[in-house]
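Written below as structure tokens is the structure these notes are about.
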Amino acid sequence: MIRVLIADDQGMVRSGFSILLNAQPDIQVVGEAVNGEEAVTRAAELRPDVVLMDVRMPVMDGLAATRLITAGEDPARVLVLTTFDLDDHVYEALRSGASGFLLKDASARELSDAVRVVAAGDALLSPGVTRRLIAEFARMGAPRGPDGRRAEGLTERETEVLGLVARGMSNGEIAAELVVADQTVKTHVGRILMKLGLRDRTQAVVFAYETGLIRPGG
């Protein structure tokens, strides 16, 4: 059973998502929060697997709450709620530790699938979000050079896979590109995360650009 906490200052959003998720046989909404501060407290008390987190909330916003929740030991995974996938907060939310994004007008199937994906340890990044992230790194300017000290443990193939992940490709797309099995790609991604000490695919994308291992447009 996947345990979910919903953090949103709009009661109708919380109620609607609760009804849709509780209708799923493998998902249970264990609590709600009306602001970021309450979300942090409730996450510590309830230990949910996934937190649906709105960005714009009173008292403490969703970005600050995400940073606090994901900084803990064995943290919940945070799925950020947004009104459209090119939200101005995309980049900061990823850096804050979010595992992905979900549109507030998502269908019941999209909502439940998103929760399952994030709970399984995968990242939920739509092509639009990935493009926005890359554009943001390009705007900021690439770093002076790659952080070889942190990436030196990767094999040549793992570095290649990381580059494709950073460009927003799915495991299936990477498998087709490299002419290997999907399971092989999944194994490579798992080893990359372990070697670099990263939590999930989203952190891998951020790492690849921030260290200069992958260059925007490169």
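Within region 1-51, which residues are β-branched (Val, Ile, Thr) and within 20 Å of the chain's Cα centre (by Cα)?
Within region 1-51, 2, 4, 6, 27, 29, 40, 50, 51 qualify.
Looking only at residues of region 75-101 that are modelled with pLDDT under 80 and aliphatic (A, V, I, L, M), we find that the one that is nearest to the chain's Cα centre (by Cα) is 94.
No other residue among 71, 23 is at pLDDT 90 or above and out of contact with any helix residue (DSSP H, G or I) (no Cβ under 7 Å at 6 or more places or on another chain) apart from 23.
Looking at the structure I just gave you, is residue 72 under 14 Å from the mean Cα position of the chain (by Cα), within 30 Å of residue 211 (Cβ to Cβ), in a loop (DSSP other than H, G, I, E, B) and in contact (Cβ under 8 Å) with a residue 24 or more places away in the chain? Working first, answer last.
Working: under 14 Å from the mean Cα position of the chain (by Cα): no; within 30 Å of residue 211 (Cβ to Cβ): yes; in a loop (DSSP other than H, G, I, E, B): yes; in contact (Cβ under 8 Å) with a residue 24 or more places away in the chain: yes.
The answer is no for residue 72.
Residues in region 162-205 that are closer than 21 Å to residue 71 by Cβ and touching a Phe, Trp or Tyr at 6+ places or on another chain (Cβ under 9 Å): 196, 198. Restrict the check to region 173-191 and report whether at least one residue is in contact (Cβ under 8 Å) with a residue 60 or more places away in the chain and in contact with a helix residue (DSSP H, G or I) (Cβ under 9 Å, 6 or more places away or on another chain). No: region 173-191 contains no residue that is in contact (Cβ under 8 Å) with a residue 60 or more places away in the chain and in contact with a helix residue (DSSP H, G or I) (Cβ under 9 Å, 6 or more places away or on another chain). Of all residue pairs spaced 6 or more apart or on separate chains, those with beta-carbon atoms under 6 Å, a first member in region 81-105 that is surrounded by fewer than 21 Cβ atoms within 10 Å (Cβ to Cβ) and a second member that is in a loop (DSSP other than H, G, I, E, B) and modelled with pLDDT of 75 or more are 83/104; 89/55. Considering 131, 139, 201, the condition of being among the basic types (Lys, Arg), modelled with pLDDT under 90 and crowded, with 20+ Cβ neighbours inside 10 Å is satisfied by 201 alone.
At pLDDT 85 or above, in contact with a helix residue (DSSP H, G or I) (Cβ under 8 Å, 6 or more places away or on another chain) and small (Gly, Ala, Ser): does that describe residue 166? No, not satisfied.
The values are calculated or read from the model by the stated rules, or taken from the named source; none is laboratory data. Bear in mind that the values here come from a model prediction, so they are computed numbers and not experimental data. Methodologically, a virtual Cβ is constructed for each residue, glycine included, from the backbone with ideal geometry; neighbour enumeration extends over all protein chains shown.
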